[in-house]
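Throughout, read-outs are computed from the coordinates displayed, never taken from laboratory work. These numbers come from a predicted model, not from an experiment. FYI the Cβ positions are ideal-geometry reconstructions off the backbone, even for glycines, and counts take in every protein chain you see.
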Amino acid sequence: MSKDKLIIFDTTLRDGEQSPGASMTKDEKVRIATVLEKMSVDVIEAGFAIASPGDFEAVQAVASVIKDSRICSLARANKKDIERAGEALKHANASRIHTFIATSPIHMEYKLRMQPDQVVEHAVNAVKYARKFTDDVEFSCEDASRTEFDFMCRIIEEAIKAGATTINIPDTVGYGEPAEYGRIIGQLMNTIPNADKAIFSVHCHNDLGLAVANSLSAVNFGARQVECTINGLGERAGNASLEEVVMAIRTRHDLFTVETDIQTEYIVPASRLVSSITGFPVQPNKAIVGANAFAHEAGIHQDGVLKHRETYEIMRAQDVGWSDNRLVLGKHSGRAAFRARLEGLGYKFQSDDEANVLFAKFKVLADKKHEIFDEDLQALVSDVVESDDGYQYVSIEAVSSTGKLPKATVELSLKGEAMSATSEGDGPVDAAFKAIESMIQTQAELKLYSVNAITEGTDSQGEVTVRLQRDGVMVNGQGADTDIIVASVKAYIDAVNTLNNRSEKAHPQKGGV
Ligand code: KIV
Ligand code: ZN
């Protein structure tokens, strides 16, 4: 039986980035988009171009680098947003403008302060205007799951007449229940006279833990695009997780009448990359990508799996990118092997110079840590300082012994100028952060400090995330090293540099159109 194609629309770089603290730089977005492209994601929503100059540049950069996936920018239903999206997407091989307006009574009355007729007018004008920039326009009824059915039919029919090619029915607040939500999608498709002129899409939030179930139910009722994110990242409790949607459809191909083009072996590398860039760890028991997802702790399970894998495993770990032989490189590995392995993880080198810098860092790490795993390589790449303009880590000396106050001396440089300071603190990390603050007075508030061992064993690199907030802007910094104090200082400096380059940005779903 031939199956319908299910379009996978990834919004890690847009809705995922709306998770507090998950903001990404332009280069980080390009790196994630590169892995998504390798994975054969159909549509990548790269951002909300009007949010800030940085967001505009990030959408523009993703649109110029990525060739095989369609690149999309979000725009509220107004001319300025749409123009900005169109401009950012100018160089895309294939582009999409995704415009939206809220349609539920509560959103129309309290957020938009508009009458339903005005909302329809805005939607129609927005779709028509977006069609001037691209012939691929998606229209979303924000808060669709709490929208009156007849009104939704009316606005969707008008949006399709105006030129929308995809109609998205978001469960914005995660209120949907699988049977009901799926039925609504089916009823919309059966009731709206021109429904056959557009692809119906779903975008589910996970407030009740039902985002994937709602998405799959909608697929059974005719939706042919699912919007999702790596690791289920996204506003509040997140979005439907790409890996769960894709693997459910693949594993239960006996039930679903659709298939995706996703190259599933890139799922784990993408998950790790998103986690290391955002600093959002993946819970060990997370389906598909959690560290325990394929670990069979219980003796009875191990016994069964050893006798016959399928006794307890419904998927193969290798199919989603977990490799059995996770030791990949060592001290004697050459440049070609190093390059090939990183490319295998979806990394695209921008130049030979970049490859040389990374290879030199790899050699330093391999001297300290004899076994280099995929996770180490990803941390190495994440740890590269993106510009010479900001503060650079030079050295740290930390002393901590029983009965004495820990003390740290940190040396930094700014545009070639050296600076150093010594402070005491509650622990060596606290002392190091105080030393940095005494030099550069960021006025920022530390919102999160987390350390994660990248691999197993006490020689593992520690990956540190530092989240700082200043004037309503929240950013993450990452650092990795076999010495966690060094990793902490690098993460702090990374966060400070990011904060200094970031201005406040507009949130697409707050305020009016
Ligand atoms: O959740 C939502 O409604 C959205 C829209 C902008 C599609 O993210
Ligand atoms: Zn959303």
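Of Gly86, Gly16, Leu365, which is farthest along the charge dipole of the chain in the positive direction, counting Lys and Arg as +1 and Asp and Glu as -1 at C-beta?
Result: Gly86.
Starting from the Cα-Cα distance between Glu456 and Lys79, subtract it from 0.36 nm times their residue separation and give me the gain in nm to one decimal.
Between Glu456 and Lys79, full extension yields an extra 130.5 nm.
When Rg is the radius of gyration of the Cα atoms in region 4-278 and Rh is its Kirkwood radius, what does Rg/Rh come to?
For region 4-278, the value is 0.94.
Is region 168-300 rounded, prolate or oblate when judged by the Cα gyration tensor, a ≥ b ≥ c being the square roots of its eigenvalues, rounded requiring a/c under 1.5 and prolate requiring a/b larger than b/c?
prolate
State whether region 385-482 is rounded, prolate or oblate according to the following rule on the C-alpha gyration tensor (a ≥ b ≥ c being the square roots of its eigenvalues): a/c under 1.5 gives rounded; otherwise a/b larger than b/c gives prolate, and the remaining case gives oblate.
Rounded, because the longest to shortest axis ratio a/c is under 1.5.
Reachable lysines from Lys368, Cα under 21 Å, same-chain residues fewer than 8 places away excluded?
Lys331, Lys490
What is the local net charge at Arg250, summed over the other residues whose Cβ is closer than 9 Å to its Cβ (Lys, Arg +1; Asp, Glu -1)?
Every neighbour counted, the sum reads -1.
So how strong a dipole does the chain carry about its Cα centre when Lys and Arg Cβ are +1 and Asp and Glu Cβ are -1, to the nearest 20 debye?
Computed about the Cα centre, the dipole is about 640 debye.
Which value results for Rg/Rh of region 310-350 when Rg is the Cα radius of gyration and Rh the Kirkwood radius based on the inverse mean 1/r?
Across region 310-350, the Cα-based Rg/Rh ratio is 1.13.
Principal axis extents for region 1-133, Cα atoms only, whole Å, descending order, please.
46, 44, 30
Whose amide H sits under 5 Å from the amide H of Thr172, counting only residues 5 or more places off or on another chain, with H placed in the peptide plane?
Asp143, Ala144, Ser145
Can you tell me the FRET efficiency between Ser401 and Ala336 if r is taken as the Cβ-Cβ distance and R0 is 56 Å, rounded to the nearest 0.05?
After rounding, the FRET efficiency stands at 0.75.
Among residues other than Phe56 whose Cβ falls under 14 Å from its Cβ, what is the net charge (Lys/Arg +1, Asp/Glu -1)?
+2
Of Asn231, Val119, Asn206, which is farthest on the positive side of the dipole of region 4-278, counting Cα position, with +1 on Lys and Arg Cβ, -1 on Asp and Glu Cβ, and the Cα centre as origin?
Val119
Read phi for every residue in region 470-477 and hand back ³J(HN,Hα) as whole Hz from Karplus 6.51 cos²θ - 1.76 cosθ + 1.60, θ = phi - 60°, with x for Gly and Pro.
Using θ = phi - 60°, the values come out as 8, 6, x, 9, 10, 9, 10, x Hz.
How do Glu227, Glu17, Glu371 line up, fewest other C-beta atoms within 10 Å first?
Fewest to most other Cβ atoms nearby, the residues stand as Glu371, Glu17, Glu227.
Excluding Cys204 itself, what net charge comes from residues whose Cβ is under 10 Å from its Cβ, given Lys and Arg +1 and Asp and Glu -1?
The answer is -3.
Quick one: length gained pulling Gln263 to Glu87 fully straight, 0.36 nm per residue minus the C-alpha distance?
Here the answer is 60.3 nm.
Average the reciprocal distances over every distinct pair of alpha-carbons in the chain, invert the result, and give the Kirkwood radius in Å.
So the Kirkwood estimate lands at 24.2 Å.
Can you give the FRET efficiency to the nearest 0.05 for Arg250 and Ala295, using r as the Cβ-Cβ distance and R₀ = 22 Å?
Here the calculated transfer efficiency is 0.55.
Output the relative contact order of region 4-278, whole-number percent, from Cα pairs under 8 angstrom with separation of 6+ residues.
Worked out over region 4-278, it gives 21 percent.
Treating only the Cβ of Lys, Arg, Asp and Glu as charged (+1, +1, -1, -1), what charge dipole size does region 4-278 show about its Cα centre? Round to the nearest 20 debye.
580
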